[in-house]
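Single-structure report; data block below.
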Amino acid sequence: MRILIVEDEPKMAEALRRGLEEEGHLVEVASDGEVGLRLGSERRYDLLILDIRLPGRDGIQVCRELRRRGVPTPILMLTVRDDVDVKVEAFESGADDYLTKPFAFAELLARLRALWRRREHVDLRLQVSDLILDPVARRVTRAGREIALTPKEFALLECLMRHPNQVLTRAMLAQEAWGETFDALTNVVDVYINALRNKLDRPFARQLIHTVRGVGYVLRE
Ligand code: CA
């Protein structure tokens, strides 16, 4: 899952980032409301974790504005106060759930899973040919056979599967999978694509990942 954390306290943001990355998620952090609003509106995330107390625009304002702009992403709000008024305000601004600091990381994970489950009527699984990727369960199967991927391999494959039949440049893939634009990463992309091919293509008759010479990669039947 791609998750945006909007949190101004560096320690908190870093702890959340590390924990969620260890769970295999792709995480970006915005340290104030303005940046959170910009990223949340411009980029596609599966989930937003939004602190209420932020410098500049607070979490309630950011949430309200995201909803006004039609962003449907589930939003989990964080605050230090166990205050009924704030909870009501959070829900009224369009948040889906609410967690009071300090909290156990296990509780955060449980709540995130519950948020995704609530959207179960939307089938989030991606399929190309006999290859299926489930971003919620974080499972990949091909022809019914389970394939174990590292978090970065998973992220790269998820990106390719979200844009089937579309040629993606190494730079685009690097940005999607690593969340940053590093020219240096474009060579790393080749290494990871190679690893993916060994797991996803080599054991099967039909090749799905294709190289477009001088441009990048495409996933197609
Ligand atoms: Ca804060």
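Suppose we filter Arg67, Arg138, Arg118 for residues that are closer than 25 Å to Asp190 by Cα, of a type in the set (D, E, K, R), open to solvent by 50 Å² or more (accessible area, probe 1.4 Å) and in contact (Cβ under 8 Å) with a residue 24 or more places away in the chain; which single one remains?
Arg138
In segment 6-20, which residues are buried (at least 19 other Cβ atoms within 10 Å of the Cβ), touching a residue at least 24 places away in the same chain (Cβ under 8 Å) and more than 11 Å from the ligand (Cβ to nearest atom)?
The answer is Leu16, and nothing else.
Just a yes or no: is a residue in segment 81-88 open to solvent by less than 80 Å² (accessible area, probe 1.4 Å) and modelled with pLDDT of 90 or more?
No, because not a single residue in segment 81-88 is open to solvent by less than 80 Å² (accessible area, probe 1.4 Å) and modelled with pLDDT of 90 or more.
Got a number for residues in segment 66-94 being in a helix (DSSP H, G or I) and either under 14 Å from Leu50 (Cα atoms) or of a type outside the set (D, E, K, R) (or both)?
Here the count works out to 9.
Given the condition open to solvent by 50 Å² or more (accessible area, probe 1.4 Å), part of a helix (DSSP H, G or I), away from the ligand (no atom under 16 Å from the Cβ) and of a type in the set (Lys, Arg), answer yes or no: does some residue in segment 41-50 qualify?
No, segment 41-50 has no match at all.
Taking into account only those residues within segment 21-34 that are part of a helix (DSSP H, G or I) and modelled with pLDDT under 95, which is farthest from the ligand (Cβ to nearest atom)?
So, considering only residues that are part of a helix (DSSP H, G or I) and modelled with pLDDT under 95, the one farthest from the ligand (Cβ to nearest atom) is Glu22.
Among (1) part of a helix (DSSP H, G or I); (2) within 16 Å of the ligand (Cβ to nearest atom), where does Arg38 come up short?
For Arg38, the failing item is (2).
The values are calculated or read from the model by the stated rules, or taken from the named source; none is laboratory data. Just so it is clear, the structure is predicted and the values come from calculations on it, not from any experiment. Don't worry about glycine lacking a Cβ; one is built from the backbone with ideal geometry, like all the others, and counts go over all protein chains shown. Quick note on the areas: whole protein, heavy atoms, side chains included, nothing else; ligands and nucleic acids left out. Shrake-Rupley method; radii C 1.70, N 1.55, O 1.52, S 1.80 Å.
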